[in-house]
Amino acid sequence: MNLYRTLPSVDTILQWPGFENHNRELLLRAIRKSLDKLRCQISQGCIDVIDPHRIRREIDAFYQYLLTPSLQTVVNATGVILHTNLGRAPIDESFFWESGRIAAGYCNLEYDLASGKRGDRHLHAAESLQELFGCEDALIVNNNAAAVFLILNTFAKGKEAIVSRGELVEIGGSFRIPEVMAASGAKLVEVGTTNKTRIGDYEAAIGEETALLMKVHKSNYTIEGFSAEATMEEISALARERGVIDYYDLGSAYLPELPWGLGQGEPSLPKILVKAPSLLSFSGDKLFGGVQAGIILGKKPLIDRLKKNQILRMFRVDKVTLALLERTILAYRKREYEKIPVLRLLFASVKQLEKRAATLKERLPIPAEILPSETYVGGGTLPNRKIPTVVLALEGDPEKLETAFRAQRIIGRIEKDRFVLDMRTVEEGDFGQIVEAAENVVRSEE
């Protein structure tokens, strides 16, 4: 039998009951996709009969795929709080709904309600940041890479920016400090060695073309052993003495003292600001626990110059980002740390995690064992610094379980040949989805 001849035509399928209300253009794509797949299977000898019911299922599945957004929610059961691949910092739902009301309608984004005249969008979150940190001024751009580029382009274009060799970092997505500096127009001057850079190295390199002394947080790695680096305080003092700008690319930043000894060697943002650097920048969606943004703090005359750079328009943020960021800032001002999910997850005690694991274990249809473990904060912050956690290790083939749960948007990890759900990033609101996924796994194996 020639199976090709038994395939229904496109026109025939279009007349099948149930398809009359479908979007015709999308339905045609789904039909052609399904028929192409069948022709390929016939040519490879994979099928020996044409099943109309199977064709309908495949068309329906692809049609629904075409109508489904590719960006979807997942349950982060990896234990990595700032998981870059999973969207980094989660945001409190109340912040989202409050900000949504602003984003859905008109707002005073660039309108001064007091004067009735044009306003400045940069003032909204900036004023809240000034109140929070006591800094002279602040500026928000769309991410910290933009902050780095804008600062270098504004103050060091065609001039020299001095950086330690040990801080010429590359972070996720091949973001490299030397390449960003070159693109900004700044001339990179490397000082010191990979493992040791002293303040004298900066001082010796300063010349007539020097515009900026830059310190870069190492972000996702550490230098151990025989090493030394100049402090930001030393760099700031030298910059003031020699009449140049000092800039700290902090990468990530936090306010309340961190648990688990994580703050050791990683000073909080208030402690850094006491030393009065000219400029510093950090990501809004890392330890700060907000939406993706580049936050620049510093001296008002310098921030004013950044605002006058025409490039800023390419980096400016929209009303949604500003609304979300401002609510995170206000939560800090009110010390409502429980409304900042990153802090809530990070500060959870081992006892809390054990209780959470026990509750979920009782509901799971798959046997599981509660075990102590360790995880990381993630997001290029606090490298090599482990924190305690508790996991549920599920019985069964770890590879198959990981694949089956991932197909249902539950992202766990394999540890010591066991598929585990890490309670550091799983909260009670996730239990229903996890249990449903486990029930589907059990049914698929029956």
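The table that follows gives values for the structure above.
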quantity: Qualifying residue in the range 284-291 (condition: farther than 19 Å from I199 by Cα, of a type in the set (F, W, Y) and surrounded by fewer than 21 Cβ atoms within 10 Å (Cβ to Cβ)); calculated: no
quantity: Residue match in the range 68-78 (condition: farther than 30 Å from S9 by Cβ and small (G, A, S)); calculated: yes
quantity: Residues (under 12 Å from L322 (Cβ atoms) and either in contact with a strand residue (DSSP E or B) (Cβ under 8 Å, 6 or more places away or on another chain) or without any contact (Cβ under 8 Å) to a residue 24 or more places away in the chain (or both)) located in the range 89-118; calculated: N108, E110
quantity: Candidates E326, E369, E354, filtered to the one that is touching a residue at least 12 places away in the same chain (Cβ under 8 Å) and in contact with a Ser or Thr (Cβ under 8 Å, 6 or more places away or on another chain); calculated: E326
quantity: Among the residues listed as E374, E415, E427, the single one being out of contact with any His (no Cβ under 8 Å at 6 or more places or on another chain), without any contact (Cβ under 8 Å) to a residue 40 or more places away in the chain and not assigned by TED's automatic domain parsing to the domain that holds S252; calculated: E374
quantity: Output for the range 127-167, where each listed residue is under 22 Å from R333 (Cα atoms), in contact (Cβ under 8 Å) with a residue 24 or more places away in the chain and not in a strand (DSSP E or B); calculated: S128, L129, E131, L132, F133, G134, C135, E136
quantity: Cross-chain or 6+ apart pairs with Cβ under 6 Å, the range 246-264 first and under 16 Å from G378 (Cα atoms), then of a type in the set (K, R); calculated: S252/K286; L262/R385
quantity: Exclusive hit being modelled with pLDDT of 95 or more and either in the same structural domain as S268 (by TED's automatic domain parsing) or under 30 Å from L287 (Cα atoms) (or both), set L392, L401; calculated: L392
quantity: Among residues of the range 384-413, those that are more than 18 Å from T425 (Cα to Cα) and surrounded by fewer than 16 Cβ atoms within 10 Å (Cβ to Cβ), counted; calculated: 7
quantity: Residue check, T425 hydroxyl-bearing (S, T, Y) and under 30 Å from E167 (Cα atoms); calculated: no
quantity: Among (1) at pLDDT 95 or above; (2) touching a Leu at 6+ places or on another chain (Cβ under 8 Å) - the single one I177 does not satisfy; calculated: (1)
quantity: Complete set of residues in the range 86-124 that are under 30 Å from V75 (Cβ atoms), outside any loop (DSSP other than H, G, I, E, B) and hydrophobic (A, V, I, L, M, F, W, C); calculated: L86, F95, F96, W97, I102, A103, A104
quantity: Given (1) at positive phi; (2) surrounded by fewer than 18 Cβ atoms within 10 Å (Cβ to Cβ), index of the condition F226 fails; calculated: (1)
quantity: Selected residue (criterion: surrounded by the fewest Cβ atoms within 10 Å (Cβ to Cβ)) from residues of the range 348-376 that are within 26 Å of the chain's Cα centre (by Cα) and in a strand (DSSP E or B); calculated: E374
quantity: Test result for V342, modelled with pLDDT under 95, assigned to a helix (DSSP H, G or I) and over 30 Å from A239 (Cβ atoms); calculated: no
quantity: Yes/no for R240 being of a type in the set (K, R) and modelled with pLDDT of 85 or more; calculated: yes
quantity: Pick from the range 73-113, criterion buried (at least 16 other Cβ atoms within 10 Å of the Cβ) and at positive phi, ranking: modelled with the highest pLDDT; calculated: G79
quantity: Among the residues listed as S252, S236, the single one being within 28 Å of R165 (Cβ to Cβ) and either crowded, with 23+ Cβ neighbours inside 10 Å or under 20 Å from the mean Cα position of the chain (by Cα) (or both); calculated: S252
quantity: Failed item, numbered, when D36 is tested on (1) part of a helix (DSSP H, G or I); (2) surrounded by 11 or more Cβ atoms within 10 Å (Cβ to Cβ); calculated: (2)
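The values are calculated or read from the model by the stated rules, or taken from the named source; none is laboratory data. None of these values were measured; they are calculated from a predicted model. Methodologically, a virtual Cβ is constructed for each residue, glycine included, from the backbone with ideal geometry; neighbour enumeration extends over all protein chains shown.
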